[in-house]
Amino acid sequence: MYVIVGLGNPGRKYAHTRHNVGFDVTEVLSQKYDIPIQRMRCKAVVGEGTIRGQRVALCQPQTFMNLSGESVVQLCNWYKPEDDQLIVVYDDVDLPEGKLRFRPSGSAGTHNGMRNIIYLLGRENFPRVRVGIGRPAEGWDMKDWVLSGYETKALRQIMFDAYMGAADVIAELIGGGVDSARQLVGKLNENK
């Protein structure tokens, strides 16, 4: 079973902010594949269903970003996905707004939520999809930046398109494998 974890912070205050990319992408998957995310399990809100013929759990940890690993470890213990069936989607300040990146494994980089997941899981060999949120302008504190929303209609559209693309990449990974997902990211980024 695939466990798709979207990282973010719970609560209305944080909805649709830069740091909640993972929640927004899992919401796109939820709507696209008719998988309601509404059950509390393993410190996450979860929805179970099917994507490309495979059983999946869409998960939004409710532990706040920096403690995401607490939920992810419990989710892995509950669903018992193979290493490559845990997929994490999250924001990346090192990518321009709307750009996507896919890696089948790797380090956490600068992302505290991913650091916590890797630390508590004790491994980093699981796929991840990152959505660029850009770097803050001079004078912005990083914490304020990641917890801010998108200022313009044009930027909101860029990010919505990126969420749709990230959802397609996850579906492609599930249905077509690593190489197919990597190729799709390349195509989507070419069009930006």
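The values are calculated or read from the model by the stated rules, or taken from the named source; none is laboratory data. Quick caveat: nothing in here was measured; it's all calculated off a predicted structure. Every residue, glycine among them, receives a Cβ derived from its backbone with ideal geometry; neighbour counts consider all protein chains shown.
Summary table below
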{"quantity": "When residues of segment 144-183 are limited to those that are free of Cβ contacts under 8 Å to residues at least 40 places away in the same chain and hydrophobic (A, V, I, L, M, F, W, C), the one surrounded by the fewest Cβ atoms within 10 Å (Cβ to Cβ)", "calculated": "ALA154"}
{"quantity": "Residue count for segment 106-121, restricted to those that are surrounded by fewer than 18 Cβ atoms within 10 Å (Cβ to Cβ) and either at pLDDT 95 or above or not in a loop (DSSP other than H, G, I, E, B) (or both)", "calculated": "5"}
{"quantity": "Options ALA181, ALA171; residue that is more than 26 Å from ARG12 (Cα to Cα), modelled with pLDDT of 95 or more and in contact with a Phe, Trp or Tyr (Cβ under 6 Å, 6 or more places away or on another chain)", "calculated": "ALA181"}
{"quantity": "Residue check for ARG101: under 15 Å from the mean Cα position of the chain (by Cα) and over 14 Å from GLY8 (Cα atoms)", "calculated": "yes"}
{"quantity": "ASP141 of a type outside the set (Ser, Thr, Tyr), under 18 Å from TYR14 (Cα atoms), surrounded by fewer than 17 Cβ atoms within 10 Å (Cβ to Cβ) and free of Cβ contacts under 8 Å to residues at least 24 places away in the same chain", "calculated": "yes"}
